[in-house]
Amino acid sequence: MHHELTSLPSPDAVAQAGAEFVAGRARAAVADRGIFHFAVSGGHTPWAMFAALASHEVPWDAAVIYQVDE
């Protein structure tokens, strides 16, 4: 996977971009392997992205979610 650094204008834009990335990777993983593994940090940091994920199509029934700590 190729990673590219992107600057975004606001925390909301970062949350939305993160949600779009996660939703896309989830759909691709389920299409390819039938399952999506998603490790997320605890605390308040990812909350805005989680809220943004609500407006995206995500195959939650095929997702395994792990809460991790740095």
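The values are calculated or read from the model by the stated rules, or taken from the named source; none is laboratory data. These numbers come from a predicted model, not from an experiment. Every residue, glycine as well, gets a Cβ built from its backbone with ideal geometry; the counts of neighbours run over all protein chains shown. SASA here: full protein model, heavy atoms, side chains in, ligands and nucleic acids out. Shrake-Rupley method; radii C 1.70, N 1.55, O 1.52, S 1.80 Å.
Accessible surface computed residue by residue for the chain, with neighbouring protein chains in place and a 1.4 Å probe, gives 74 Å² per residue.
Tally up the carbon and sulfur contribution to the accessible surface of the chain as a whole percent, 1.4 Å probe, everything protein left in place.
Reported share for carbon and sulfur atoms: 56 percent.
With a cut-off of 18 Å on the backbone N, the residues of the stretch 1-40 near the modelled label site 7 Å out from E57 along Cα-Cβ are 19-36. Where does helix 11-33 land angle-wise versus the long Cα axis of the chain, in degrees 0 to 90, nearest 10? With rounding to tens, the tilt is 10 degrees.
Using alpha carbons only, the radius of gyration of the chain set against its Kirkwood radius gives Rg/Rh = 0.97.
A simple charge model with +1 on the Cβ of Lys and Arg, -1 on the Cβ of Asp and Glu and nothing else charged puts the dipole of the chain at about 140 debye relative to its Cα centre. If R0 is 35 Å, the Cβ-Cβ spacing of R33 and L8 corresponds to a FRET efficiency of close to 0.75.
What is the chain's relative contact order, in percent, from Cα pairs under 8 angstrom and six or more apart in sequence?
On the way: 66 pairs, mean separation 27.8, N = 70.
Relative contact order for the chain comes out at 40 percent.
Only one residue of F50, V68, M1 has its Cα farthest out toward the positive end of the dipole of the chain, where Lys and Arg carry +1 and Asp and Glu -1 on Cβ, and that residue is M1.
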